[in-house]
Amino acid sequence: MKTVVKISGSIFDEVGAEERIKELASVFEKYVQDGNSLAIVVGGGKRSRELIELGRKLGATEDVLDEIGIDITRINAKLLISCIKDSYPQVITDLREADIAWSVKKIPVAGGLSPGHSTNAVAALLAEHLKADLFINSTKAGGVYDKDPKKYPDARLMERVSIEELKKIIKGSSEAGTYELLDEVSIGIIQRSKIRTLVTGTGTAEIKKALYGENVGTMIVFERI
Ligand code: UTP
């Protein structure tokens, strides 16, 4: 299997980050030892949001704020690289560098690439570029719900969601500003290349299950359900 995983920057913020990151790293190492190819994209988490907020108050323009966010994602990527044995030693800053990493049987790890989108979009682009069989998007949301789970206790985790339905859910929730999922840029890339995408939670056990094809989170499908 060729797989791209996006991991949330939130794991670098938590108490016990050291153990969490080591656990994840060993899951990734084992997955590659089992004969799979893997590429990883790391988010910025709380530190990027806080510094972007500070920069905004100081008068930085949006593109500069994006660059600050990218810098933090790359720091997180460096931290992860330092504890994965088979990782490519440098943070990937261009999609084609991931080809080089795979050609020498190493795991490419990227943060952000360029202003104007999120690391979810980077992960979708990497999955597209590498012709991945699977894109695992691990998010704090844990999957796609039929309505905002923070607002509605009866919200239901959907096992599958069509891309058209997902677009409607995202549009509705971004207006409310509460329910964080994939952004529109990522959705566009997933749709144009019909990337097999699974939205899961951030727990190590869940990411491991997702890698090995167990039923977790929400699968995005391209036909009507
Ligand atoms: P993230 O994608 O990490 O946002 O990028 P996030 O919401 O913190 O994600 P999680 O929770 O860790 O998964 C942080 C910021 O970096 C900039 C954007 O400003 C984004 O909000 N960024 C990131 C870019 O401009 N381009 C990129 O390619 C990636």
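Which of the residues belonging to segment 97-134 are over 21 Å from Asn36 (Cβ atoms) and either touching a Leu at 6+ places or on another chain (Cβ under 6 Å) or away from the ligand (no atom under 15 Å from the Cβ) (or both)? Passing the criteria: only Asn120.
Can you work out which of the residues in segment 35-55 that are touching a residue at least 60 places away in the same chain (Cβ under 8 Å) and near the ligand (Cβ under 6 Å from one of its atoms) is farthest from Ile92 (Cα to Cα)? First the steps, then the outcome.
We begin by selecting, within segment 35-55, every residue touching a residue at least 60 places away in the same chain (Cβ under 8 Å); these are 36-44.
Of the ones still in play, those that are also near the ligand (Cβ under 6 Å from one of its atoms) are 43-44.
Values: Gly43: 13, Gly44: 15 Å.
Of everything passing the filter in segment 35-55, Gly44 is farthest from Ile92 (Cα to Cα).
Within segment 188-200, track down each residue that is outside any helix (DSSP H, G or I) and surrounded by fewer than 19 Cβ atoms within 10 Å (Cβ to Cβ).
Within segment 188-200, the subset outside any helix (DSSP H, G or I) is 193-200.
Those that are outside any helix (DSSP H, G or I) and surrounded by fewer than 19 Cβ atoms within 10 Å (Cβ to Cβ): Ser193, Lys194, Arg196.
The condition of being modelled with pLDDT of 90 or more, in contact with a helix residue (DSSP H, G or I) (Cβ under 6 Å, 6 or more places away or on another chain) and away from the ligand (no atom under 16 Å from the Cβ) holds for Ser87.
Per the conditions (1) touching a residue at least 60 places away in the same chain (Cβ under 8 Å); (2) under 16 Å from the mean Cα position of the chain (by Cα), the sole criterion not satisfied by Ile92 is (1).
For segment 115-161, a tally of residues being of a type in the set (Lys, Arg), at negative phi and out of contact with any Phe, Trp or Tyr (no Cβ under 9 Å at 6 or more places or on another chain) returns 2. Residues that are of a type outside the set (Lys, Arg), under 28 Å from Gly35 (Cβ atoms) and out of contact with any strand residue (DSSP E or B) (no Cβ under 8 Å at 6 or more places or on another chain) are absent from segment 167-180 altogether. Pick from segment 56-67 the residues that are within 24 Å of the chain's Cα centre (by Cα) and surrounded by fewer than 18 Cβ atoms within 10 Å (Cβ to Cβ): which of them is farthest from the ligand (Cβ to nearest atom)? Among those that are within 24 Å of the chain's Cα centre (by Cα) and surrounded by fewer than 18 Cβ atoms within 10 Å (Cβ to Cβ), it is Val64.
The values are calculated or read from the model by the stated rules, or taken from the named source; none is laboratory data. This structure is a prediction, so every number in the text was calculated from the model and none was measured. Neighbour counts run over all protein chains shown; Cβ positions are idealised from the backbone, glycine included.
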